[in-house]
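See below for the structure under consideration.
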Amino acid sequence: MGERSPPPAGRRTRLVSSLVLGQRACEVALDPERGALEWTEQPQPRGGRESCAVPISEIIAVEETEIDKKQCNSGKWQKMAKPHAFTASRPKHLLVYINPYGGKKQGEKIYEQKVAPLFSLASISTDVIVTERANHARDNLLEVNLEKYDGVVCVGGDGMFNEVMHGLIGRTQKDSGIDQNNPKAPLVQCNIRIGIIPAGSTDCVCYSTVGINDPVTSALHIIVGDTQPLDVSSVHHHDTLLKYFVSLLGYGFYGDILKDSEGKRWMGPVRYDLSGFKTFLSHHYYEGTISLLPASHAVGSPRDKKHCRSGCHICKQSKQRLEIEQKKNGGEIKGDDEGEWKVIRGKFLAINIANISCACPRSPKGLAPAAHLADGSSDLILVRKCSRFNFLRYLIRHTNRDDQKLARGESWPDFHCGMKLTFPSKNQAAKGVTGHTWPCTAAFDFSFVEVYRIKKFQFTSKHLEDGDCDAKKMQKNRFGHFCRDHPACCCIPPSSTWNCDGETLDCSTIEVTVHCQLMKLFARGIERNSTLEAVQRQLC
Ligand SMILES: Nc1ncnc2c1ncn2[C@@H]1O[C@H](COP(=O)(O)OP(=O)(O)OP(=O)(O)O)[C@@H](O)[C@H]1O
């Protein structure tokens with residue numbers, strides 16, 4: 001480096017040099033205007049010239065060699081004098097929590113073999129804590145001196161991320177004197193970013209925010225200091241905070257599956273398939289009253305095809321509109337000024353609130369394909385009482401093609417985090433197996449399914465509205481007579497359980513509030529032309 005080429009008219013000086021890549025000679029240029037390092041092959045006698053560029057902000061380390069040295073294969077990577085100089089957002093010091101028991105118990109190995117060497121190459125120093133019990137990371141975050149860290153990394157699955165998130169949100173509110181038990185309290189945004197190194201069973205949050213479950217990709221997002229804001233919802237029972245969630249809050253079908261699977265932990269992930277099958281057969285519905293506050297600020301709808309992608313303009317616009325709305329209300333979240341509540345009563349097989357798409361490798365589109373990561377809203381999906389056959393069609397349709405064709409070789413839904421889709425084998429495709437045609441186009445188009453984009457939500461189970469005496473009557477009926485509607489179990493349970501990001505909640509009466517961009521991740525959202533985009537395109 002060091003040679004200067006004459007600057008093209010109207011452009012700033014570029015730093016130009018040459019580089020030998022194997023047998024090929026390249027011209028290398030540092031272009032400050034584009035913020036890119038470009039290299040172009042010298043023109044070949046037979047023509048053809050390849051050009052590549054990498055954003056300067058994504059360079060992790062530089063190898064330094066002596067100019068006249070013919071052989072430069074020392075393999076020694078030099079750390080740059082100012083390794084963090086490229087962008088101010090790069091982390092220098094990280095706090096890392098590893099769950100040694102998450103997923104296939106590979107957390108420590110994944111971190112040591114795939115992530116730690118990259119952090120070291122990028123001159124990032126770390127304090128590593130291997131957790132010794134559940135909630136170790138959460139409790140530690142409530143006390144540790146966070147000022148010296150530029151980010152927190154969790155190595156594990158969704159449960160581990162949830163723990164770290166609860167620790168950071170709790171710590172931020174505690175430091176700011178905010179009462180988390182007050183459902184109307186405006187929570188303070190957490191400024192410290194979380195990086196997720198996927199090492200769990202599902203890793204839905206990582207998949208929905210990065211587009212792939214790959215420890216190296218996640219490590220690179222952390223190193224280059226990417227930032228992805230993320231909405232978080234709080235769940236209260238009267239004046240008590242129950243939990244926060246970022247992906248799914250489900251009542252009825254998904255709550256019952258989780259409840260049933262709890263006693264089968266020893267079976268591993270297959271327990272969800274078994275409990276799912278059992279819950280599907282029992283076909284329980286639950287009565288209750290839903291009150292929802294539509295997300296009037298949100299641009300778009302749960303039915304549109306504008307999926308949340310890197311640098312999403314829908315998230316940006318929605319946040320701006322929400323801020324204007326809140327300023328109009330004097331910066332406070334006040335009851336009536338926020339909009340008109342809608343009340344829905346009925347019998348439901350499933351009530352799902354999705355903060356994000358809930359995509360995962362087994363369900364690449366997710367439960368709510370159009371849900372956004374940071375628009376201050378959630379997608380509410382109500383599945384009203386319907387026949388078992390129709391409910392199965394709905395479950396299968398979740399990972400179905402939108403063009404009215406059921407995926408060829410369709411299979412039983414995957415109940416763990418979404419629905420399973422089976423593609424035809426090459427042989428089947430060659431034989432022209434094309435699948436069936438159903439009368440509806442997408443999961444949300446069934447007459448018994450309703451979807452809303454919301455910012456607040458309340459639910460009261462019918463047995464609580466009617467008073468405890470009705471619940472007692474139902475308990476009595478349990479052994480009294482055969483239940484016509486529910487032959488599988490002989491009675492209707494008075495209420496289901498809420499499945500809150502994979503954990504059960506004890507209360508059925510709850511209040512949910514979406515907090516716009518409460519958290520920040522080391523991620524950049526799903527990029528266009530990513531692996532996930534390719535899979536999703538295949539599905540549409
Ligand atoms: N040392 C530990 N011993 C026991 N449990 C732990 C420990 N560290 C963390 N946990 C708990 O283990 C639970 C599950 O962990 P994690 O999410 O990493 O894996 P997983 O359940 O296999 O993956 P996923 O949540 O993606 O399905 C978390 O709720 C976390 O609180």
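Some observations on this one:
- Residue 179-residue 347 pseudo-label distance in nm [points 7 Å out on the Cα-to-Cβ vector]: 4.1 nm
- In sequence order, the stretch 196-209 has phi-based couplings of 10, 9, x, 8, x, 8, 10, 6, 5, 5, 4, 4, 6, 10 Hz under the Karplus curve 6.51 cos²θ - 1.76 cosθ + 1.60, θ = phi - 60°, and Gly or Pro positions carry x.
- Whether the stretch 194-286 is rounded, prolate or oblate, judged on the alpha carbon gyration tensor where a/c under 1.5 counts as rounded: oblate
- The calculated FRET efficiency for the pair residue 92 and residue 392, based on their C-beta separation and a Förster distance of 60 Å, comes to about 0.70.
- Residues with amide H under 5 Å from that of residue 347, placed H, sequence gap 5 or more: 385
- Here's how it looks for residue 192: its modeled amide H is under 5 Å from none belonging to a residue 5 or more places away or on a different chain.
- Cα gyration tensor shape for the stretch 92-215, rounded if a/c is under 1.5, else prolate or oblate: prolate
- Shape of the stretch 99-158, Cα gyration tensor, a/c cut at 1.5: oblate
- Charge tally for residue 198 (other residues, Cβ to Cβ under 13 Å; Lys, Arg +1; Asp, Glu -1): -1.
- With a cut-off of 13 Å between beta carbons, the residues surrounding residue 94 carry a summed charge of +2, where Lys and Arg count +1 and Asp and Glu -1.
- Positive minus negative residues near residue 52 (Lys, Arg vs Asp, Glu; Cβ under 10 Å): -3
- Cβ-Cβ FRET estimate between residue 278 and residue 54, R0 fixed at 35 Å, reported to 0.05: 0.10
- With θ taken as phi - 60° and the Karplus curve 6.51 cos²θ - 1.76 cosθ + 1.60 applied, the whole-hertz 3J(HN,Hα) list for the stretch 117-128 is x, 6, 4, 5, 4, 8, 6, 9, 8, 9, 10, 9 Hz, x standing for glycine and proline.
- Remark: the stretch 288-299, residue by residue, has Karplus-estimated 3J(HN,Hα) of x, 10, 10, 10, 9, 10, x, 7, 5, 6, 6, 8 Hz, where x stands for each Gly or Pro and the curve is 6.51 cos²θ - 1.76 cosθ + 1.60 at θ = phi - 60°.
- Among the listed pairs 243/520; 316/520; 243/305; 328/520; 259/462; 243/347, those whose Cα-Cα separation exceeds 23 Å are 243/305; 328/520; 243/347.
- Value of relative contact order over the stretch 259-363, rounded to a whole percent, pairs C-alpha under 8 Å and six or more apart: 36 percent
- Ordering of 306-317, 158-169, 494-505 by packing is 158-169, 494-505, 306-317, highest average first (other Cβ atoms within 10 Å, averaged per residue).
Each value in this text was obtained by applying a stated rule to the coordinates, not by laboratory testing. Since the structure is predicted, the reported quantities are computational estimates derived from the model, not experimental observations. Cβ sites come from the backbone with ideal geometry, for glycine too, and all protein chains shown count toward neighbours.
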